[in-house]
Amino acid sequence: MNKIYTDKQVFNIIDDNKDLTLSLNDGQMVVINCFFYQIKDMNINIEQSNNSYLVINYAGYVHSDVNINMDVNVLGNGNKTVINVRTIDEKNHANFNVSVQANEHTINNEIVEDLKAINEDGTITFMPILKIDTNEVQAEHYATIGGLDEKELFYLESKMLSTKTAKEILKKSFIYNLFSDTFKSMLGEGKEEDE
Amino acid sequence: MFKIVNLTAKVDNRLILDNFNLQINDGEIHVIMGHNGVGKSTLCKIIMNDRNYEVLNGQVIFNGVNLHELPTYEIARQGIMLISQNPISIEGVTNAEVLRTALREMTNEKINIFDFNKKMEDICDQLKLSKDFIHKDINVGASGGERKKIELLHMGILEPKLLLLDELDSGLDVDAMRDVANFINEYHNKTKCSILIITHHPNIINYIKPNFIHVLDQGHIIKTGDAHLAEEIENHGFFGVNAMSEEGQDE
Ligand SMILES: Nc1ncnc2c1ncn2[C@@H]1O[C@H](COP(=O)(O)OP(=O)(O)OP(=O)(O)O)[C@@H](O)[C@H]1O
Ligand SMILES: [Mg+2]
């Protein structure tokens, strides 16, 4: 069932790690797109009350030790919460605490946490936390950490792309796949360098 | 000239190629046939230096260069292109992006986007492939036959000197087979490239005329003949053909 949200707000954040604190209005939809060429410490705190829809798409490259905390508090009923994380750990350690809490006596809430990382030369810890004090909630969470796909690398190399370029292309697609075309265009996707 | 000398290779600790030899002179078209699981696709992947396969002995040489010492992309840049039996799809990476990047990296020059797009569109017309695929993700949402055509679009842009076609005919309907064969024949006439065709069906040989047909068994070529060999295999099976060759040796 696709609800139409007349009250919709989109935040597009590029390389800005200022803490973000928000309370969604009843019936409001909020999409937060975050992209970092280099991920830095950041805290995101969000409250949802009733019938709201929150989407967080967070992606970027890890180069230094960082802590990312996302905390979503679902206070009322009929909310939807979707948190997607795509990161590539090129070096050092990244720690993601992604917590969604649904309070006692709330009903009809839906929560999805989908956290994926490609680990190149660092370490990543995903802590997907679902604090759920009610049975009346539908919750799923996934956390996967892997490497680049060998078959895809072989394929691209067999089309003359150097290993370095093939890896860059696959990493970029892993991250960019998360975002809408609008946000991708803000990141320079589709920019033709040739003339 | 492309030459494989005494190639012995393992996969998953099992010997697949055992003293395999093959020579393809410039411009020649060769066909390899053989039972399922005999090692035809393995041979193709070893030529491209897929690291999943362990070469124990032997050499793969193309125009005097020993390929086994090169990474896959260097082998591709030497002019060898493999069209796999089951081309994979890659989400988030478009055909145009890969081809443009490959050309730019190879030549170290800017690509004239207008000419590049025009060339891709012309190739799509020749192959009767929807032009929409040019700017779509690699093989995503493409049927088996469309994937083969998309791979041939890559071939038309990257212009290899040796083409490895691993069961190109699987997944192609009769009309598509004819269009694809016309495209390859035209490319072959124009560039005098060499071609290695892997197939189970003599039909492709009616369209693309080979100089030699080889039968692969027990890790190496056990029989070589002309185009008639494919018909013999079709009629008598690999075992029948092998038995006939052994009778011949007795005489
Ligand atoms: N990456 C791999 N890991 C393990 N075993 C493999 C791998 N690749 C191939 N093999 C095995 O090696 C043997 C040869 O496989 P190959 O794909 O080369 O056969 P083929 O001659 O191409 O067969 P077909 O006609 O069915 O395509 C098979 O037994 C297969 O199971
Ligand atoms: Mg095969």
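The values are calculated or read from the model by the stated rules, or taken from the named source; none is laboratory data. Fair warning: this is a prediction, and the values are worked out from it, not measured in the lab. Cβ atoms come from the backbone with ideal geometry, glycine included; neighbour counts cover every protein chain shown. The area values use the complete protein model at the heavy-atom level, side chains included, leaving out ligands, DNA and RNA. Shrake-Rupley method; radii C 1.70, N 1.55, O 1.52, S 1.80 Å.
Restricting the count to DSSP beta bridges whose residues both fall in the protein assembly as shown, what percent are antiparallel, rounded to a multiple of 5?
Details: 23 of 116 bridges.
Roughly 20 percent of the DSSP beta bridges within the protein assembly as shown come out antiparallel.
Hey, can you find the accessible area per residue of the range B:2-250 for me, probe 1.4 Å, expressed in square angstrom?
Per residue, the range B:2-250 has 45 Å² of solvent-accessible surface.
For B:Tyr187, A:Tyr37, write out the residues from largest to smallest accessible area, computed with a 1.4 angstrom probe and no ligands counted.
A:Tyr37, B:Tyr187
Counting only other residues whose beta carbon sits under 15 Å from that of B:Ile61, what net charge do I get with K and R as +1, D and E as -1? Walk me through the intermediate numbers first.
Details: positive: B:Lys3, B:Lys161; negative: B:Asp26, B:Glu69, B:Glu74.
For residues surrounding B:Ile61, the net value is -1.
I need the trypsin sites (Lys or Arg not before Pro) found in the range A:1-48, filtered to DSSP loop residues with at most 13 other beta carbons within 10 Å of theirs. Walk me through the numbers before you get to the answer.
Details: sites: A:Lys3, A:Lys8, A:Lys18, A:Lys40; in loops: A:Lys3, A:Lys18, A:Lys40.
Taking the range A:1-48 and a limit of 13 other Cβ atoms within 10 Å, the loop trypsin sites (Lys or Arg not before Pro) found are A:Lys3, A:Lys18.
Please name the residues of the range A:166-180 whose accessible area, counted over protein heavy atoms with a 1.4 angstrom probe, falls by no less than 10 Å² between the chain alone and the full protein assembly.
Residues meeting the cut-off: A:Ile169, A:Leu170, A:Lys172, A:Ser173, A:Asn177.
In Å², nearest 100, what accessible area do chains A and B bury in total when the solvent probe is 1.4 Å? Don't skip to the answer; put the middle values down first.
Working: alone 10750 and 12700 Å², together 20850 Å².
That pair of chains buries around 2600 Å² in total.
So which aspartates and glutamates pass the test for B:Lys3, namely a Cα distance under 13 Å, with those fewer than 8 places away in the same chain ruled out?
Here the aspartates and glutamates satisfying the reach criterion relative to B:Lys3 are B:Asp26, B:Glu28.
Taking 27 Å as the cut-off for C-alpha to C-alpha distance, list the pairs among A:Lys159/B:Lys190; A:Lys151/B:Lys161; A:Lys18/B:Lys136; B:Lys45/B:Lys131 that go past it.
A:Lys18/B:Lys136; B:Lys45/B:Lys131
Using a 1.4 Å probe on the protein chains only, how many percent of the accessible area of the range A:7-147 belongs to carbon and sulfur?
Working: 2600 of 6170 Å².
That share works out to 42 percent.
Could you pull out every one of the lysines with an alpha carbon less than 23 Å from that of A:Lys131, ignoring same-chain neighbours closer than 8 positions?
A:Lys80, A:Lys116
How many Å² of accessible area per residue for the range A:7-147, probe 1.4 Å? Don't skip to the answer; put the middle values down first.
Numbers: 6170 Å² over 141 residues.
Accessible surface, normalised per residue, equals 44 Å².
First compute the accessible area of the range A:148-195 with a 1.4 Å probe, then give the percent of it belonging to carbon and sulfur atoms.
47 percent
A drop of at least 30 square angstrom in accessible area, chain alone versus all protein chains together, probe 1.4 Å. Which residues of the range B:54-88 meet that?
Buried by 30 Å² or more upon assembly, which counts only protein chains, are B:Thr72, B:Tyr73, B:Ala76, B:Ile88.
Please give the solvent-accessible surface of B:Val180 in Å², to the nearest 10, using a probe radius of 1.4 Å with every protein chain present.
Surface open to solvent at B:Val180 totals about 0 Å².
Quick check: pseudo-label points 7 Å beyond the Cα along Cα→Cβ at B:Val55 and B:Asn211, how many nm apart are they?
The modelled label-to-label distance comes out at 2.2 nm.
Checking the table B:Lys10/B:Lys119; A:Lys91/B:Lys119; B:Lys110/B:Lys192 against a 30 Å threshold on Cα-Cα, which pairs fail?
Violating the 30 Å Cα-Cα cut-off are B:Lys10/B:Lys119; A:Lys91/B:Lys119.
Leaving ligands, DNA and RNA out of it, work out the accessible area of A:Asp65 with a 1.4 Å probe and give it in Å² to the nearest 10.
Its accessible surface works out to 110 Å², give or take rounding.
Using amide H atoms built in the peptide plane, which far-off residues or other-chain residues are under 5 Å from A:Ala143 H to H?
So A:Ala143 has HN proximity to A:Leu115.
Convert each backbone phi in the range A:75-92 into a coupling constant with the Karplus relation 6.51 cos²θ - 1.76 cosθ + 1.60 (shift: θ = phi - 60°), then list the ³J(HN,Hα) values in order as whole Hz, x for Gly and Pro.
3J(HN,Hα) across the range A:75-92, in whole Hz: 8, x, 10, x, 9, 10, 10, 10, 10, 10, 10, 10, 9, 10, 8, 8, 7, 6.
Through the Karplus equation 6.51 cos²θ - 1.76 cosθ + 1.60, θ set to phi - 60°, convert the phi angles of the range B:72-86 into ³J(HN,Hα) values in whole Hz; use x for Gly and Pro.
3, 5, 6, 5, 4, 6, 6, x, 9, 10, 9, 9, 6, 4, 10
Please calculate the 1.4 Å probe accessible area of B:Thr107, with all protein chains present, and give it to the nearest 10 Å².
Using a 1.4 Å probe on the heavy atoms, I get roughly 70 Å².
With every protein chain left in place, what is the accessible area per residue of the range A:148-195 in square angstrom, probe 1.4 Å?
Spelled out: the 1.4 Å probe surface of the range A:148-195, per residue, equals 49 Å².
Roughly how many whole Å is it from the C-alpha centroid of the range B:40-67 to that of the range B:169-245?
Computed from Cα coordinates, the inter-centre distance equals 21 Å.
Given only helices, namely DSSP H runs of n ≥ 4 each adding -39500 (n - 2.57), what is the per-residue ellipticity at 222 nm of the protein assembly as shown, to the nearest 500 deg cm²/dmol?
Details: 11 runs with 131 residues, N = 446.
So the calculated ellipticity at 222 nm is -9000 deg cm²/dmol.
Collect residues whose amide H, placed 1.01 Å from N in the peptide plane, falls under 5 Å from the amide H of B:Val31; neighbours closer than 5 in sequence don't count.
Residues meeting the criterion, in which the H sits 1.01 Å from N, are B:Ile197, B:Phe212, B:Ile213, B:His214.
Using the Cα centre of chain A as origin and beta-carbon charges of +1 (Lys, Arg) and -1 (Asp, Glu), tell me which of A:Asn12, A:Met160, A:Leu130 is placed farthest towards the positive end of the dipole.
Sorting the options by dipole projection puts first A:Met160.
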